[in-house]
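The values are calculated or read from the model by the stated rules, or taken from the named source; none is laboratory data. Small disclaimer: the values here were computed from a predicted structure and weren't measured. Cβ coordinates were reconstructed from backbone atoms using ideal geometry, including for glycine residues, and neighbour counts include every protein chain displayed.
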Amino acid sequence: MNESEFVIAPTVLTREYNAPIQLVFDAWTKVEHIQNWQFPFKGFKCEFLQSDIKPDGKTLHKMIAPNGFEMWLLTKYEEISEPTRIVFRQYNSNEHGDILPHPKDPNWPREMRTTIELAQTETNTTRLTLFWQPIDASDKEAEVFEATRSDHENGWGSGLNELQDYLSTL
């Protein structure tokens, strides 16, 4: 990791879950959990074509919107420190894992890093902090990321709310 990768400040989102840290960690690292919550809004579906969730591993999955629109994502895992930290890079792709521009905005950053930090609180809840930022973004990609920063709560933030709903069913 070099300094130029972190030119753009990350979006930082936090949540507190009424669930043990290990369960929250598993919800991020086991497909049988991820496919039930990691999408932007209710009504979406998530299907995995490939899953190898470990350092240097990767997943390939699609999100299917209620209207049938499909969006493929390739995820490459950098770090998994059970049960407190997960770092991965994510890319828009096709069903073969070829990295492509975002289907709705060709100027969206091609490479995004997500860092998940988990901490058990004194009240036995789990505090999650998510850091999300473009990596090696062009000036235009950085501009688009910054211009949409106020909407990031609608994407990842909505997904984190889906996680809350899912955890409450376990």
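Within the range 50-66, identify whether any single residue is within 20 Å of GLU162 (Cβ to Cβ), without any contact (Cβ under 8 Å) to a residue 24 or more places away in the chain and under 14 Å from the mean Cα position of the chain (by Cα), and answer yes or no.
No - not one qualifying residue is present in the range 50-66.
Go through the range 47-71 and give me each residue that's in a loop (DSSP other than H, G, I, E, B) and either closer than 22 Å to GLN22 by Cα or small (Gly, Ala, Ser) (or both).
Those that are in a loop (DSSP other than H, G, I, E, B) and either closer than 22 Å to GLN22 by Cα or small (Gly, Ala, Ser) (or both): ASP52, ILE53, LYS54, PRO55, ASP56, GLY57, ALA65, GLY68.
Does the range 31-43 hold any residues that are in contact (Cβ under 8 Å) with a residue 40 or more places away in the chain and assigned to a loop (DSSP other than H, G, I, E, B), and which are they?
Across the range 31-43, the qualifying residues are ASN36, TRP37, GLN38, PHE39, PRO40, PHE41, LYS42.
Among the candidates ASN18, ASN36, single out the residue that is more than 13 Å from the chain's Cα centre (by Cα), within 20 Å of SER158 (Cα to Cα) and either exposed (fewer than 13 other Cβ atoms within 10 Å of the Cβ) or of a type in the set (Val, Ile, Thr) (or both).
ASN18
Among TYR91, TYR77, which is the only one that is under 13 Å from the mean Cα position of the chain (by Cα) and touching a residue at least 24 places away in the same chain (Cβ under 8 Å)?
From the options TYR91, TYR77, the qualifying one is TYR77.
Which strands (runs of 3 or more DSSP E) sit wholly inside the range 72-170 and have at least 3 residues that are at pLDDT below 95, surrounded by fewer than 17 Cβ atoms within 10 Å (Cβ to Cβ) and among the basic types (Lys, Arg)?
Once the strands (runs of 3 or more DSSP E) in the range 72-170 are filtered for at least 3 residues that are at pLDDT below 95, surrounded by fewer than 17 Cβ atoms within 10 Å (Cβ to Cβ) and among the basic types (Lys, Arg), nothing remains.
How many residues are of a type in the set (Ser, Thr, Tyr) and touching a helix residue (DSSP H, G or I) at 6+ places or on another chain (Cβ under 9 Å) when one looks only at the range 126-147?
1
Name the pairs whose Cβ atoms lie under 8 Å apart, with the first residue in the range 18-30 and within 14 Å of ILE80 (Cα to Cα) and modelled with pLDDT of 95 or more, the second in a helix (DSSP H, G or I) and of a type in the set (A, V, I, L, M), and 6 or more positions between them or separate chains?
VAL24/LEU163; VAL24/LEU167; ALA27/ILE34; ALA27/LEU163; ALA27/LEU167; TRP28/ILE34
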